[in-house]
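**Student:** Supplied in structure tokens, the structure appears directly below.
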Amino acid sequence: MRRRVIFGCSGPVLDPAERDFFRAVQPWGFILFGRNVQTRQQVRALTDALRDTVSDARAPVLIDQEGGRVARLKPPEWQPHPPQAVFGKLHDTDPERAREAAYLNARLIADDLVAIGVNVDCLPVLDVPVHGAHDVIGDRAFAADPAVVIELGRAVIDGLMEGGVLPVMKHAPGHGRAHCDTHLALPHVTATLEQLSAADFVTFRSLAHCPMAMTAHVVYDAVDPNRPATLSPRVIRDVIRGEIGYQGLLMSDDLSMAALSGPLSSRAKAALFAGCDVVLHCNGAMAEMTEVAAEAGPLDGPWGKRAEAAMSHLCEPGRFDRTAADARLNELLVA
């Protein structure tokens, strides 16, 4: 049986040790980073090899292909995509054009991903940034207005799903107020529950139909002052599953980020106990993956049902004129 974990790998091809490890552990899915990407043919061979280790041609293979500064597929092999803030800025003057542009951009990203065997994109970013917050989110967010984030986030979800790629909304229940980069430190958010509910949580609540969601390594003092959302039963139960009403598959953000502390095995155990369906470990370090795998039990029961439900949304992309879509997107963005 598959396990409650998503793993990265170390390079552009699987080495024998990784292949043997994945065959033995049977992770639910995999995630790609820049170190895994060279050419279309190479990435397709890698995604095929990863899936072969778990004997599942539809196993989730994830990537962070947002556009802007967070893009694993880069020129000249792949066309660049703008950060989400570009669509928010367009929305200021022409909401209809902004919605169409966000949709087309996501549909073009999906077209790139399907061609190389990637079927899950960690997008859209539904965080609502506030003045003075760290720019780790910055232009990755659509706008500071939750209504705009909801509108454009919905367009991105539609574009990805219609292109045969499952979206992952992040970072639940909201990363926009964090005053430090969670790759480096653990932020505490001191906003009141009323403030969080009105701005941060509402974007996720409004788009709770998204098949997958990723947690934030952020402490919300008004909910649980002692643990970040990823490790907090209170945040996951009362906010993500409760107030937000999210019933889809919930994955942790990367367990190896410095916002979390302690052994990797303890991080994995705490995240799963808190209510994450699966945990994410990205850096491909074998010793760390071994620790995480020891705590990632079988993907059965309610976790397995949510994983199955999420993957049931995966569909074959319809007919798509990429040239026309690309031309239309450029027209929308330069007008």
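**Student:** Under 5 Å between amide hydrogens, which residues at least 5 positions from Leu166 or on another chain qualify, with H placed 1.01 Å from N in the peptide plane?
**Tutor:** Amide H neighbours of Leu166, under 5 Å, 5+ apart: Val120, Asp121.
**Student:** Enumerate the calculated ³J(HN,Hα) couplings along region 263-273 in order (Karplus 6.51 cos²θ - 1.76 cosθ + 1.60, θ = phi - 60°), each rounded to whole Hz, writing x wherever the residue is Gly or Pro.
**Tutor:** Couplings: x, 4, 5, 5, 4, 4, 4, 5, 5, 5, 5 Hz.
**Student:** Now a separate question. Hey, what does the equivalent ellipsoid look like for region 109-220, semi-axes from the Cα gyration tensor as sqrt of 5 times each eigenvalue, largest first, whole Å?
**Tutor:** The equivalent ellipsoid of region 109-220 has semi-axes of 25, 15, 11 Å.
**Student:** Next question. Between Ala259 and residues 5 or more places away or on another chain, which pairs have amide H atoms under 5 Å apart, with H built 1.01 Å from N, and which residues are they?
**Tutor:** Leu184, Ala185
**Student:** Under 17 Å Cα-Cα from Lys74, which aspartates and glutamates qualify once same-chain neighbours fewer than 8 residues away are excluded?
**Tutor:** Result set, ordered by chain and number: Asp64, Glu66, Asp111, Asp112, Asp121, Asp326.
**Student:** Could you tally the net charge around Pro211, taking each other residue with its Cβ under 14 Å from the Cβ of Pro211, Lys/Arg +1 and Asp/Glu -1?
**Tutor:** Once positives and negatives cancel, what remains is 0.
**Student:** Also: Trypsin sites (Lys or Arg not before Pro) within region 285-326: which are DSSP loop residues with at most 14 other Cβ atoms inside 10 Å? Numbers along the way, then the final one.
**Tutor:** Numbers: sites: Lys305, Arg306, Arg319, Arg322; in loops: Arg319.
Hits after loop and neighbour filter: Arg319.
**Student:** Give the separation of the Cα centroids, region 9-76 to region 227-266, in Å.
**Tutor:** Answer, in whole Å: 24.
**Student:** What's the local net charge at Asp135, with K and R +1, D and E -1, over the other residues with C-beta under 14 Å away?
**Tutor:** On the way: positive: Arg69, Arg140, Arg177; negative: Asp127, Asp139, Asp181.
Neighbour charge sum, excluding Asp135 itself: 0.
**Student:** Could you work out the relative contact order of region 83-172, using alpha carbon pairs under 8 angstrom and six or more residues apart, expressed as a whole percent? Could the numbers behind the result be given before it?
**Tutor:** Working: 150 pairs, mean separation 38.5, N = 90.
Relative contact order, region 83-172: 43 percent.
**Student:** Continuing with the same structure: Can you work out the Karplus-derived ³J(HN,Hα) for every residue in region 77-88? Use 6.51 cos²θ - 1.76 cosθ + 1.60 with θ = phi - 60°, whole Hz, and x for glycine or proline.
**Tutor:** 5, 10, 6, x, 10, x, x, 5, 4, 4, 6, x
**Student:** Next question, about the same structure. What relative contact order, as a whole-number percentage, does the chain give when Cα pairs under 8 Å and 6 or more residues apart are counted?
**Tutor:** 18 percent
**Student:** Let me ask another. Could you work out which residue, out of Thr290, Thr93, Thr203, moves most in a Gaussian network model of the chain, that is, has the largest mean-square fluctuation with Cα springs under 10 Å?
**Tutor:** Most flexible of the set in this elastic network: Thr93.
**Student:** Placing unit charges on C-beta atoms (Lys and Arg positive, Asp and Glu negative, everything else neutral), compute the dipole magnitude of the chain about its Cα centre in debye, rounded to 20.
**Tutor:** On the way: 33 positive and 42 negative charges, 118 e Å.
Computed about the Cα centre, the dipole is about 560 debye.
**Student:** Using the Karplus curve 6.51 cos²θ - 1.76 cosθ + 1.60 with θ = phi - 60°, what ³J(HN,Hα) values do you get for each residue of region 105-122, in whole Hz, with x for Gly and Pro?
**Tutor:** With coefficients 6.51, -1.76 and 1.60, one gets 4, 5, 5, 5, 4, 4, 4, 4, 6, 4, 5, 10, x, 9, 10, 9, 10, 7 Hz.
**Student:** Of the candidates Arg97, Arg177, Arg107, which one comes out as most mobile in a Gaussian network treatment of the chain with C-alpha springs shorter than 10 Å?
**Tutor:** Among Arg97, Arg177, Arg107, the largest mean-square fluctuation in the Gaussian network model of the chain belongs to Arg97.
**Student:** Sticking with this structure for a sec: Could you work out the local net charge near Ala270, counting Lys and Arg as +1, Asp and Glu as -1, over the other residues with Cβ closer than 11 Å to its Cβ? It would help to have the intermediate numbers written out before the result.
**Tutor:** Values: positive: Arg227, Arg267, Lys269; negative: Glu295.
Once all neighbours under 11 Å are counted, the net charge is +2.
**Student:** Assign unit charges at the C-beta atoms only (+1 for Lys and Arg, -1 for Asp and Glu), then state the dipole size of region 237-335 relative to its Cα centre in Debye, rounded to the nearest 20. Display every interim value, and only then the final one.
**Tutor:** On the way: 9 positive and 14 negative charges, 33 e Å.
For region 237-335, the charge dipole is close to 160 debye.
**Student:** Here's something else I'd like to know. Go ahead and run the numbers for FRET between Ser55 and Glu331, Cβ-Cβ distance against an R0 of 51 Å, rounding to 0.05. Don't skip to the answer; put the middle values down first.
**Tutor:** Working: r = 45 Å, r/R0 = 0.88.
E(calc), rounded to 0.05, equals 0.70.
**Student:** Related question: Could you work out the per residue convex hull volume over the alpha carbons of region 3-334, in cubic angstrom?
**Tutor:** Details: hull volume 38.7 nm³, N = 332.
For region 3-334, the hull spanned by Cα atoms encloses 117 Å³ per residue.
**Student:** Mind telling me which of Gln26, Gln41, Gln84 comes out most flexible in a GNM of the chain, alpha-carbon contacts under 10 Å?
**Tutor:** Gln41
Quick note: the coordinates plus some simple rules give every number you see, no bench work behind them. All values derive from a computational prediction rather than experimental measurement. Heads up, the Cβs are rebuilt from the backbone with ideal geometry, glycines too, and the neighbour counts pull from every protein chain shown.
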